[in-house]
C-alpha cells in the first residue's frame, strides 16, 4: 500500500506495479458501497487521500482543477464565497473524494436536475496501467475522436487512476425553497412524485423516506418530521425567485390534491438545513435501531415505484428482515436498507438472499442494477441480469483498450467469462 | 409510423447480415451531416429502422429507431408538451445521425451536451451482433458507459439502430432575445429585445465547428472577424463556434484562428481537400485499440476518423 502525494508519485507507483507485473487498485476515502476499491488478488493499493490540493478555480468559465483526494464537500465550501458549488452531493459528501466520485460516477439528491458526476467532469488527467500519463477530455466543449473522458468516468479504477480532475462549478441558484410533505400512505407519496413531474416541474431534489426511516431520523435529529407519517417527501425547488414561487405553489397544490396531510415550506436557510440534515443523517440514525445495515442501490422507471416498493416490503417480510427505504424518488433511484445484527446466526444468508430478490424485482420492472454506487465486486455476477454475453463482450473490449495488461483493478465490474475467447492476458499473480 | 415490430426485426436481421458480410459499411441517416469529420469512402450503405419504439411522458424518456428524423421526434414529443433539444441544423437529420456526429444543439448552454442525454443505445457490431449499451433509466451506473463511446463516433463503433433519450417538459414560455452590445454585460442585458426566431446558422458551402474554452471566445471572435469571408455564430458560455465560408481557404484560416486560441475546428461540410480534424486524434493509441477490438478489419465507416484501425492481430 502506498500514499502518493503527487500525480508523478502515482505514476511512479503504477510503473513499479507494471515492472513487477502486479495489479493495482486506487482507493480514496473508502466510502464506496459496491467494493470497487476493495483490493483483491494481492494488488498494490494506491491511496489518493494525500492528493488534496484544489489547483485552480476559474469562476469565469465555471470549473476547478482538483486532485483526486479533495473531499466532495470541501470543494463546495472552498468556492462558496464565489457563489459557486459542485453539484453532485452523495450522502457521504463530507467524507468521499472527488476521485472516488469520478470512479463510481457518483450521484446524490441534487442529481435529479443537475445530473450525475459524468455531467460535471470536463477533463481527467489519468495514469494508465503502463504508468504513462494522459489527458482525457478538455475545457473546450467537444474533443476530436471518441469521448474517452466519458468512458473513464464510472469505470471504477479499471481504466487507470485519475490524478487531476477538471470539474464543473455551477452558480448558486438565486432562490431555493425546500418543502416537506407528509402522507398517510406510500402510494400517495409516490403518486405525488409522478404528478409533480407530469406537471412539468423537475425539482432540484425529490426525496422520499418511508415510515420506519422517518421515525428513526426524527428520533436522531429532531428535524420536526412527523413521526406518524407513512411517508414523507422532501422537495427542493430552485431557480429565479418568481419561477420558484410559482413552483412552490404548484407543488403545494399537487401535494394536497394527492392527499398530503401537511405541506411545510421551510421559512429560512436554517430550517432548510434542518430538513436536509434529517435526510442526510438517515444512515447514521439507523445505528439506533440495529448495529448493521446493508444499503442497496437500484433504479426503476419512476412509474413503477409503487409496485416495486410493495414488492420490496413483501421480500422483507418473506425473509423476516427489517427494511427501510430512503431514496431519490424523482429519478426512481431506490435505496432499500436492510437493518440487522450480524451476531444473529444465519442472518447474512437471509440478507443476501433478500438483496438478490430486490435486484431481480427492480430488473423485472425495467430497472438497472445501480444508480450511483457502481457495480464493483458486489454486483459483478449480477451483470448478466441486464446485459447479454455480447453486450458484456463489448464492455470488456472497451475496458481492455484502456488497459491491455488487465492489471488496473482486476475482478471488478465485469463478471468472469465476459470476454468472448478471453482476449485478456492474465498477469502473473492476478486473481482473475 | 406504419412499421410493425416484426418488420423492424426483419430489418434488423437483414442489417446484421449485411454488416457481418460486407467489406465496408456506411450507416446513412438523413445525409445532412454526411461529411462531418472526414467524408466516408465507399461501402454498402445501410439504414436503421425509424419510428417511435416507446414513449412514456411520465418517465421523461423516449426510445426511437435510429433512423427517425429529429423533426418527427420533436412532433411526437410536442404532443405531450415535451421536447428533446437536439436542434440540428436540418430537422431531416436522424436521431442516429445526430448521435453519431455528436451534435449538441444551440441550446446547450441551458440543456447540456448531447452526450448527457443518451441513456441507452442499441447497435450492430462489425461482426453483426446486435448489442446494447447503457440502460433504460434516467440514472444508471451499471457497467461501462458505452453510449458515450458512440456519441461522436461517426459510425466507426457500430451501426446505431435504436436510441433512448432523456426528454423534458417544454418550458411554458421560451423566447430568443437579441442585443447589440457584446462588450459590457450589463449594457447588453439592458438592450435585450425579443425576436421571433433563433439566430440563423451561418450559410456557406464550406462549414466547420470550432470548440474552444468558453472565455477564449472574447479574443477568438475578433480574430475570426479578421478572416475575410468567414461567417460565424458563437455559443457564448459553451465555446462552440459554427463557421461557414464560400472559399475552403477561409475555413482553413478559421482553423488556424481556433488553434491559436487553444481550440480546434471540426470540418462539417464542403472543403473536401481539408483534413476533418486538423491533426491526429488525442490519445490515438487508446482510440486505435478500441477500433482494433471492435472493428478489426476497419469496415465501419472507413475513412471518417483519421488513422486506420491497428492490425487485427492486436485484438487477439
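The values are calculated or read from the model by the stated rules, or taken from the named source; none is laboratory data. Just so it is clear, the model here is predicted, and its values are computed rather than measured. All Cβ positions, even for glycine, are placed from backbone atoms using ideal geometry, and neighbour counts span all protein chains on display.
Summary table below
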item: Boolean, residue A:158 is away from chain B (no Cβ under 14 Å) and either farther than 25 Å from residue A:287 by Cα or over 24 Å from the mean Cα position of the chain (by Cα) (or both); result: no
item: Filtered residues of the stretch A:48-83 (kept if crowded, with 20+ Cβ neighbours inside 10 Å, under 26 Å from residue A:410 (Cα atoms) and more than 20 Å from the chain's Cα centre (by Cα)); result: A:51
item: Qualifying position, being in contact with a helix residue (DSSP H, G or I) (Cβ under 9 Å, 6 or more places away or on another chain) and over 30 Å from residue B:289 (Cα atoms), among B:169, B:194; result: B:169
item: Options A:136, A:237, A:148, A:233; residue that is under 21 Å from residue A:335 (Cβ atoms) and buried (at least 24 other Cβ atoms within 10 Å of the Cβ); result: A:233
item: Pick from the stretch B:236-257, criterion modelled with pLDDT of 95 or more and closer than 23 Å to residue A:168 by Cα, ranking: surrounded by the most Cβ atoms within 10 Å (Cβ to Cβ); result: B:241
item: The stretch A:86-107, subset touching a strand residue (DSSP E or B) at 6+ places or on another chain (Cβ under 8 Å) and farther than 27 Å from residue A:5 by Cβ, residue surrounded by the most Cβ atoms within 10 Å (Cβ to Cβ); result: A:107
item: Complete set of residues in the stretch B:96-137 that are more than 18 Å from the chain's Cα centre (by Cα), surrounded by fewer than 24 Cβ atoms within 10 Å (Cβ to Cβ) and either more than 10 Å from every other protein chain (Cβ to nearest Cβ) or outside any strand (DSSP E or B) (or both); result: B:125, B:126, B:127, B:128, B:129, B:136
item: Boolean, residue B:151 is more than 19 Å from the chain's Cα centre (by Cα), within 11 Å of another protein chain (Cβ to nearest Cβ) and either within 30 Å of residue A:33 (Cα to Cα) or surrounded by fewer than 20 Cβ atoms within 10 Å (Cβ to Cβ) (or both); result: no
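To keep it simple, each residue is scored yes or no on (1) in contact with a strand residue (DSSP E or B) (Cβ under 8 Å, 6 or more places away or on another chain); (2) within 14 Å of chain A (Cβ to nearest Cβ).
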site	(1), (2)
B:184	no, no
B:192	yes, no
B:197	yes, no
B:207	yes, no
B:211	yes, yes
B:230	yes, no
B:240	yes, yes
